[in-house]
Amino acid sequence: ELPGFYYDPEKNRYFRLLPGHNNYNPLTKESIQYKAMECKRLKLLEEEEKQMKKTTRAGLNSSVLLQKRQLGLLSSRSYCRLVHELKVNCMQRRKIEIHSPDSSVAGTNNFKIIVADVACERIFTVNDVEHGGCKYGIINLSGLGKESLTVEMYDNLYFTNRKVLTLFSLTHFSKLCLMGIAETPGCASLLPASLFSSANPGDRPGILCSFKISTAWSCAWCLNPQADNCFSTGLTRRVLVTNAVTRHRQTFTTSSDVLAQQFARQTPVLYNGCRSGEIFSIDVRQRNQKGQSWKAIRLFHDSAVTSIRLLEAEHYLMAADMAGKIKLWDLRTVKCVKQYEGHHNEYAVLPLHINEEEGLLTAVGQDCYTRIWSLQDAHLLRTIPSPHPSSKDAIPSVVFSSRLGGSRGVPGLLMAVKQDLYHFSYN
C-alpha cells in the first residue's frame, strides 16, 4: 500500500486518492471498500442461485448420517443436530408475498425489527414510517406451508414518533416494546396482540400500560414466578426494575450504559451487558443499599456488549460485542469456553439468536451477512448474503425456527430487509 494511492487489480495500476486530483470520479477508501464488498455479495448470491453450496464438514451427507444412526454410532440428539446442519446448507431463498386487509400496510414501510412469538405462529414487526418514527405490525405465518408463500400482515392504530430500540415477545397474547432515543424521553409500553386483529377497530383494547423512562437502551421481561410482573430497562449508568402492576421501581447504579439485558427463568436474576464491556448479574429480590455490593457474577469483554443470551440450562451465557466477538461463558467457572468466529460489528447493537433444539446460533453482522454456526463446536456452517446492497440502514432482521407457523409449521429462516420478506426453506 502506498500513501495517497490505491491499487486496482483489474487495471493493474495505481490511482491517486488525493482530494481534488480526480474530480470527475473521486476515489475514497470508503467507496473502494464498498465496491469490493458489493462484488463479493453479488458473487455469493450468484453461487446460491446456482446451488453451488457444499457441506462444511467433509464426508457429511444424509446417507452417511442415516447409516451411522442405524449402526448405533450416533445418538438421537447428535443425529438430529447434524441433520439440521445439512438442511441449513441447503436452504433456498424465496420471496414472500405480504397480503393485508388494509392495502396501505403491505410493502409501504421498511422493516426494522422482527420477533417471533413463543410458538412461532406470528411475527411481531416494527416498521419505519416515511414521515419519521415507527409503527407496529403482526404477521400471520399460517400461509407459509402453501406453495404461494403468502402471509397476512395486520397494522394497528398506534405508532410512535420515537425510535423503537427493542421488541420483546412475552406470550401468545402480549408483548413489551421499549421506545426511546438517548438523551430524550422514552417510553415502555405493554401492548395486547389483539390490537392487530382484523376485527372491528372499535372493539380493540388500548395500551395495557405505559411507563415514561428516559435515556433507555435496552429492556427485558422477567418470566420467573417470583417476579413475573417485573420488567427491567437498561439506562445511562443505571438499571431500573419496574413492577408493571404496582409500578414500584428499584434502581441499581452502574458505571456504564446498559446496552443488553436478559432475565433468567429459574431464578429472578437479571444479566446486564454494558458499554464498558462488563457483564454482571443482579438478584432482583435483594434491595439496593448504599455501600452494599449487589453485583454477583462478573464477566468482561474488550468492547461494548451488544447482546446476551442465556442457554436453557442457564449454566452458560452467550455474549456479543462491538468488536465482532461472540463468546460462550461458563457461569460456574466464570470462563470463556467457546468463541464463534466470523461475526462483523463495529458500532451497532445487533442481536443473537440461539436455537438449542437444532443446535444452531444465528447472527446478522454489520456487513449485512447472516451467519449460522454450530452451537456445539462453534463451526461456521453458512454465510448468507443480503438480497439488497449492504448499508447501515439495510441490516437484515431474522427469525429462525424449525416450526415457523406453529407446531405443524415449516422449518427455515425468515429474513426482513427493507420492504421485503424472504423465506429460506429447508430442502
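Data overview
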read-out	value
Residues satisfying the stated conditions in region 32-59, i.e. at pLDDT 80 or above and either touching a strand residue (DSSP E or B) at 6+ places or on another chain (Cβ under 8 Å) or not in a helix (DSSP H, G or I) (or both)	44
Selection from region 380-411 of residues that are open to solvent by 20 Å² or more (accessible area, probe 1.4 Å), in a loop (DSSP other than H, G, I, E, B) and of a type in the set (S, T, N, Q)	391, 407
Count - residues of region 114-143 that are under 16 Å from residue 400 (Cα atoms) and either open to solvent by 10 Å² or more (accessible area, probe 1.4 Å) or modelled with pLDDT under 75 (or both)	9
Residue in region 242-258 that is nearest to residue 224 (Cα to Cα), counting only those that are in a strand (DSSP E or B) and open to solvent by 10 Å² or more (accessible area, probe 1.4 Å)	243
Listing of strands (runs of 3 or more DSSP E) fully contained in region 277-374 that carry 1 or more residues being touching a strand residue (DSSP E or B) at 6+ places or on another chain (Cβ under 7 Å) and open to solvent by 30 Å² or more (accessible area, probe 1.4 Å)	278-283, 295-300, 305-310, 316-321, 326-330, 335-340, 352-355
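The values are calculated or read from the model by the stated rules, or taken from the named source; none is laboratory data. Here the structure is a predicted model, which is why all the values come from computation and not from measurement. All Cβ positions, even for glycine, are placed from backbone atoms using ideal geometry, and neighbour counts span all protein chains on display. The accessibility values were calculated without ligands, DNA or RNA, using every heavy atom of the protein model including side chains. Shrake-Rupley method; radii C 1.70, N 1.55, O 1.52, S 1.80 Å.
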